[in-house]
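See below for the structure under consideration.
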Amino acid sequence: MKFTTDEHGYYGKFGGAYIPELLYPNIKELEDNYIRIIESSDFQKEFISLLKDYVGRPSPLTYASRLSEKYNAHIYLKREDLNHTGSHKVNNTIGQILLAKALGKKRIIAETGAGQHGVATATVCALMGMQCTVHMGETDVKRQMPNVLRMKMLGATVIPAMSGNRTLKDAGNEAFRDWINNPTDTHYLLGSVVGPHPYPDMVARFQAIISEEIQWQLQEKTGKNLPDYVIACIGGGSNAMGAFYHFIEHESVQLIAVEAAGLGIHSGETAASIAKGTIGVIQGSKTMLMQTNDGQIIEPYSISAGLDYPGIGPAHAYLHDIGRTKVLDATDHESLQAAFELTRLEGIIPAIESAHALAALPKIQFNATDVVVVNISGRGDKDMDTYIAHMDKYC
Amino acid sequence: MNRIQQLFSKKQKQILSVYFTAGFPQLHDTVSIIELLEKHGVDMIEIGIPFSDPLADGNVIQHSSTVALANGMSLSVLFSQLEHIRKTVSIPLILMGYINPVLQFGVEKFCETCQSIGIDGVILPDLPLHEYTKEYKHIFEQYGIQNILLISPQTEESRIRMIDQQTQAFIYMVSSSSTTGTKSKFNDEQIHYFKRISSMNLQNPLLVGFGISNTETFAQVCEYTHGAIVGSACIKALEQPGTLEQNISTFVSSIKG
C-alpha cells in the first residue's frame, strides 16, 4: 500500500511546497528524481543491506509484561532505541544519504533538535565520506551536549542557530538559509516528515520500515499482523509516520499520536501544534501550526528538544483532519513519570520524546485483550541530565 | 497602465527601489520613511511586512523583523498606518512579506485593502508560481494588484519566460544564490548572469536585488538592467544615530552617488 500525496504534493488541503524561488531548482530536482531513485533495485539493495548490517534492523518488538500487567492490555514496544545511533532517525538518514549520492551531491546539511537527527546525519556522512554541517538551536546545544560532542567526534560542523528561541524551528530556518546559499553541491537532509514536498512523503517512505516490521513481528508473536493500537509521539512526526504507515488503510487499528503539551496545553508553554494550532504555512508546507491571529509563528515549549516544534508534518494534519488518527497530549510531568515508570518496570530508559508516547497509556481505556504497540523512538542516554535533575521527585 | 508600468515608461535606467521593514526602527516611522525616501529621489518603495521566520533573509532583515514585531507591527497596524499614504506619496508602493501573515489576514481582504490604499504590487517570496496561478491569481487580478516574482541564477530559461507572463510590473532578479545581505562587488559570474537575462528581451523590466549596497554595485547592475533593489543597506542606515531624514539622505547618496 502507498499512503502518499497527490501530484502537487498535497495530503488533502495540507502540504505543498511554499519555498522561495531560490530553492525551486533544488526541490524540483528532488521531486523529479526521488521516487525513481528510491524504487530502483540498486538503491533498495544498498538501503536494505545497510539497515540490516549497519543499523541492526529489524529492531526488536519487545513484549512488556510488567507494563502490560499494569495497564491491563498486551503492550509491545517497538525498539527503535536499539538502532545504531540510538533512535529511528537513522532509517531516514541512510535513505537520504544514498539519494544524495545518487544525485551527485558533495555536502550534507541538516537541522536537529534533540540532536538525534544530527547524530544520525553525522554518522551516515562519516560512513559515506561526505562533508556535514548540522544546524542546531543554541538552546538545544546547551541542553543536549552529549549529542553535540558525538556529532563533532563524527566529523560534523555544528553551527548554533541564534535566531528565535534558538530551538528546532530556528535550526530548520538556518538549514534552509544554508541551502539557499549553497544550492548546487548541497543536499538538505531534512529529519522529519515536515518541510516542502517531497520531504514529507520521502521521509515517510524511509520510516515506513517501522510499521512494515511491526506487521510481521506481531504475526510471529500473536498470529495476527494488526494491533488494536499503535501509539507514537509527534513533534514533526517522523517516528509516528513510520509506525502508522502500513496501518493507515486498516481502519481497525487505532492510531494514537501524542503531542508535547509542555507545561499544559492551556499554559501558553506548549508544543501541541494540533491541539493549539490553526492552518498556515511553516517552513515550506501548509499544515497545522501554532501562530498568532496575525500569522506570526508562536515559539513552542517542551522539555523534549525533539518535540519542541510549532508545526506538524502535513500528513499528520491530514490524518487528524479526516479522523484517522486520535491526537492526545502529554505534559513534561506526565512524560517524566512515564520515563521513570518504563525504566523501573522494564529496564529500558527511553528518550524523553518517546516517554510522551508512553504517557498516553494511562489515558486510554484498554480491553484486556487489546494488542498495543508503543513506538520507543529513541533511547534516553542524551536525556540523562534531565532525568538526573528530576530523579528525587519521580523515583 | 499601473503605477509601476508608468514608472518604467518614463524612466528606463538607474531605477532605485528601496526595501525597509515596516515598524523599524520605531513602530510609527513607516509613513515618515516612505515620504523621506520619495523626497530624496527613490523611484519605488518595498514596504516589508515583518515575519517571525523569514527564511530567505539574512541577519540584517531578520533583526529588523524581530524589532518590528516586538514594537507591535502587524499587517492590520501597517494598513492603518498607510490609510492616507496616497495623499502625500505618488511613487509606486509594493508590499513585501511572507505568505503566512497574508493567509491569516485573508488573501481577498488583503488585495482589497491594498487596492483601496493604493498599493501597486506585492512580493511574497514563499508563494510559489504554481500555488499563485492555481489559487490566488484571479483574486490579485480582480483588485489590480501586481504579483512580482523572483528569479535566481539557477532559474531555467523556460521558467523565466513563464514568470514573465505572470506579471505586468517587473522581474525581481536575485543577484546570486544567497539570502539577503550586502556585498561589496559583483563577480564575473554574476555579471554574466545579468547580461544573459538582459539579452532574453523579456516583456517586463528587470530589477536586481540582494547584495547591492554602494555606488559601485548599483552602477554595475544598472549597466545591464533597469535598476536595483536595496534592502539591508537601508536597514543598516536607519539604525545609525541621527534623524531619519539625515540617515535616509546619506543612504540614498551612498547608492546613487
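The values are calculated or read from the model by the stated rules, or taken from the named source; none is laboratory data. Predicted, not measured: the structure shown is a model, and the values here were computed from it. Cβ: placed from backbone, ideal geometry, glycine included. Neighbour counts: every protein chain shown. Ligands, DNA and RNA are stripped out before the accessible areas are found, and what is left, the full protein with its side chains, is counted by its heavy atoms. Shrake-Rupley method; radii C 1.70, N 1.55, O 1.52, S 1.80 Å.
Subtracting the Cα-Cα distance of A:Cys395 and A:Lys326 from 0.36 nm times their residue separation leaves 21.8 nm of extension gain.
Taking Cα centre as origin and charging only the Cβ of basic (Lys, Arg, +1) and acidic (Asp, Glu, -1) residues, the dipole magnitude of chain B rounds to 540 debye.
The residues of the stretch A:27-114 expose on average 40 square angstrom of accessible surface per residue, using a 1.4 Å probe on protein heavy atoms.
Think of the stretch B:153-247 as having a plus end and a minus end, set by charges on the Cβ of Lys, Arg, Asp and Glu; of B:Ser199, B:His226, B:Ile160, B:Ile160 sits farthest toward the positive end of this dipole.
In the stretch B:3-256, taking the dipole from charged Cβ atoms about the Cα centre, the farthest positive-side position among B:Ser74, B:Ile148, B:Thr217 is held by B:Thr217.
Candidates A:Thr133, A:Val281, A:Ser59 compared by Cα position along the dipole of chain A: farthest toward the positive end lies A:Ser59, with charges placed on Cβ. Could you state the number of Å between the C-alpha centres of the stretch A:245-311 and the stretch B:96-121? If you average the Cα positions of each part, the centres end up 27 Å apart. Using the alpha-carbon positions of chain B, Rg (one decimal) and Dmax (whole number) come out as 16.8, 48 Å.
Ordering of A:98-105, A:299-306 by packing is A:299-306, A:98-105, highest average first (other Cβ atoms within 10 Å, averaged per residue). Kirkwood hydrodynamic radius of the stretch A:99-227, from the reciprocal of the average inverse Cα-Cα distance over all distinct pairs: 15.6 Å. Residue ranges A:348-359, B:226-237 sort as A:348-359, B:226-237 when ordered by packing (mean number of other C-beta atoms within 10 Å per residue, highest first).
At an R0 of 25 angstrom, the distance between the Cβ atoms of A:Ser267 and A:Glu138 translates into a FRET efficiency of 0.60.
Electrostatic tally near B:Asp120: other residues with Cβ closer than 11 Å to its Cβ, Lys and Arg +1, Asp and Glu -1, net +1. Couplings 3J(HN,Hα) for the stretch A:36-42, derived from phi with the Karplus relation 6.51 cos²θ - 1.76 cosθ + 1.60 (θ = phi - 60°), are 4, 5, 4, 7, 5, 5, 4 Hz, where x marks Gly and Pro. Short-range pairs are left out: with C-alpha atoms under 8 Å and at least six residues apart, the relative contact order of chain B is 22 percent. Solvent-accessible surface of the stretch B:3-256, averaged per residue with a 1.4 angstrom probe and all protein chains in place: 37 square angstrom. Of the solvent-accessible surface of the protein assembly as shown, computed with a 1.4 Å probe over protein heavy atoms with every protein chain present, carbon and sulfur atoms account for 50 percent. Straight-line cross-link reach from A:Lys152 at under 17 Å between alpha-carbon atoms covers these lysines, not counting any fewer than eight positions away in the same chain: A:Lys142, A:Lys382. Residue-wise HN-Hα couplings along the stretch A:56-61, as the Karplus relation 6.51 cos²θ - 1.76 cosθ + 1.60 with θ = phi - 60° gives them from phi, are x, 6, x, 6, x, 10 Hz; Gly and Pro carry x. Averaging Cα coordinates gives a centre for the stretch B:130-160 and one for the stretch B:233-257; these two points are 32 Å apart. Over the stretch A:39-196, what is the relative contact order in whole percent, taking alpha-carbon pairs under 8 Å and six or more residues apart? Reported relative contact order: 21 percent. Using modelled backbone amide H atoms (1.01 Å from N, in-plane), which distant-in-sequence or interchain residues come within less than 5 Å of A:Glu259's amide H? Result for A:Glu259 returns A:Ile234, A:Leu328, A:Asp329, A:Ala330.
Among residues other than B:Ile235 with Cβ under 13 Å from its Cβ, the summed charge is -3 (Lys and Arg +1, Asp and Glu -1).
Charge dipole of the stretch A:1-141 (Cα centre as origin; +1 on each Lys and Arg Cβ, -1 on each Asp and Glu Cβ, all else neutral): 420 debye, rounded to the nearest 20. Counting only protein heavy atoms and a 1.4 Å probe, the stretch A:283-395 has 35 square angstrom of accessible area per residue. Along each principal axis, taking the top coordinate minus the bottom one, the Cα set of the protein assembly as shown gives 81, 50, 45 Å in descending order.
Other residues within the sphere of radius under 13 Å centred on the Cβ of A:Gly86, judged by their own Cβ, net out at 0 (K and R +1, D and E -1). Averaged over peptide B:169-180, the number of partner chain Cβ atoms lying within 10 Å of each residue's Cβ comes to 3. Just the number, please: buried accessible area between B and A, total of both chains, 1.4 angstrom probe, nearest 100 square angstrom. Roughly 2800 Å² of accessible surface disappears when B and A pair. The mean number of partner chain beta-carbon atoms within 10 angstrom of a residue's beta-carbon across peptide B:117-129 is 3. By DSSP, the beta bridges lying fully in the protein assembly as shown are antiparallel in about 20 percent of cases. Gain on full extension, evaluated as 0.36 nm per residue between A:Lys52 and A:His250 minus their Cα-Cα distance, stands at 68.6 nm. Karplus-derived 3J(HN,Hα) values for the stretch B:211-217, using 6.51 cos²θ - 1.76 cosθ + 1.60 with θ = phi - 60°, are x, 9, 9, 7, 4, 5, 5 Hz; glycine and proline are entered as x. Shielding by partners for peptide A:19-32, expressed as the average number of C-beta atoms from other protein chains within 10 Å of each residue's C-beta, is 6. Only helical runs count toward this figure. For chain B, summing -39,500 (n - 2.57) over DSSP H runs of n ≥ 4 and dividing by all residues gives -12500 deg cm²/dmol at 222 nm. Put simply, when A:308-318, A:266-276, A:75-85 are sorted by average Cβ atoms within 10 angstrom per residue, most first, you get A:308-318, A:75-85, A:266-276. Using alpha carbons only, how many angstrom separate the centre of the stretch B:8-59 from the centre of the stretch A:1-59? Between the Cα centre of the stretch B:8-59 and that of the stretch A:1-59, the gap is 40 Å.
Here the stretch B:133-168 is scanned for amide nitrogen atoms under 14 Å from the site 7 Å beyond the Cα of B:Glu108 along Cα-to-Cβ, giving B:136-143. Per-residue ellipticity at 222 nm, computed for chain A from helices alone with -39500 (n - 2.57) per DSSP H run of at least four residues, works out to -12000 deg cm²/dmol. Put a plus charge on the Cβ of each Lys and Arg, a minus charge on the Cβ of each Asp and Glu, and nothing anywhere else: the dipole of the protein assembly as shown about its Cα centre is then about 700 debye.
Between A:Asn181 and A:Asn293, the FRET efficiency estimated from the beta carbon spacing at R0 = 35 angstrom works out to 0.60. Contact residues in the stretch B:80-114 by the 50 Å² criterion (accessible area, 1.4 Å probe, full protein complex versus chain alone): B:Asn100, B:Gln104. Pairs exceeding a 30 Å alpha-carbon distance, out of A:Lys28/B:Lys10; A:Lys28/A:Lys106; A:Lys45/A:Lys224: A:Lys28/B:Lys10. Can you tell me the relative contact order of chain A? Whole percent, Cα pairs under 8 Å, sequence separation 6 or more. Once divided by the residue count of chain A, the mean separation gives 20 percent. At an R0 of 60 angstrom, the distance between the Cβ atoms of B:Thr215 and A:Lys152 translates into a FRET efficiency of 0.85.
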